[in-house]
Amino acid sequence: MVVQWSDVGKKTADPQLSKVVGKVGFALVPGTEVNGKVQHRTPMPVGRVLAVPATSKNKEAAYWVAKYLSLDKSPITVAANWSGQDPYRVSHFTDPSHYKFPDEASRKDYLEATEANLKVGFPDLNIPGAAQYIDALDRLLAFNLARLSR
């Protein structure tokens, strides 16, 4: 079993990249029971965000580049087995024809599992000093949990 980015799932469907074509499955990440209910949380460590700064000297041109990359080009590159990109837009799920899988059931399972994981995803903190911040938060939580359990 591999808990991995969804681009690995696409690679398993390509005989040029995989020896297990047609022998894999896709699912929601395993969860943890909290107060009697299983909670699933999928890490989403890479942002798919394009923005045009307010200070841009050519906002309209920047907008058209962002549109091209995220709307016009992305359905093809995201679906490509060779790309390291994961589906991230609604349109990546509504037109599955770009995804090449050995059969329709595999493609459907892949897209449904990927979409389900996105719905329970959480973004990684992506700021300077994020690792130190997470370490400090972890220590503080552990300290307080230890105090509460006494």
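The values are calculated or read from the model by the stated rules, or taken from the named source; none is laboratory data. A quick note: this is a predicted structure, and the numbers were derived from the prediction, not measured. Positions of Cβ are backbone-derived with ideal geometry, glycine not excepted, and every protein chain shown enters the neighbour counts.
The table below lists the values:
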| item | result |
| --- | --- |
| Residue match in region 30-47 (condition: surrounded by 14 or more Cβ atoms within 10 Å (Cβ to Cβ), modelled with pLDDT of 90 or more, outside any strand (DSSP E or B) and not polar (S, T, N, Q)) | yes |
| Candidates Tyr133, Tyr88, filtered to the one that is aromatic (Phe, Trp, Tyr), touching a residue at least 40 places away in the same chain (Cβ under 8 Å) and either surrounded by 12 or more Cβ atoms within 10 Å (Cβ to Cβ) or more than 30 Å from Leu17 (Cβ to Cβ) (or both) | Tyr88 |
| Residue in region 108-122 that is more than 23 Å from Val38 (Cβ to Cβ) and of a type outside the set (D, E, K, R) present | no |
| Hits in region 2-23 (condition: within 20 Å of the chain's Cα centre (by Cα), free of Cβ contacts under 8 Å to residues at least 40 places away in the same chain, within 17 Å of Ala79 (Cβ to Cβ) and in a loop (DSSP other than H, G, I, E, B)) | Thr12 |
| Scope region 48-79; condition among the hydrophobic types (A, V, I, L, M, F, W, C) and either assigned to a strand (DSSP E or B) or under 15 Å from the mean Cα position of the chain (by Cα) (or both); matching residues | Val49, Val78, Ala79 |
| Criterion (out of contact with any Pro (no Cβ under 8 Å at 6 or more places or on another chain) and under 22 Å from Ala105 (Cβ atoms)) met by exactly one of Thr77, Thr12 | Thr12 |
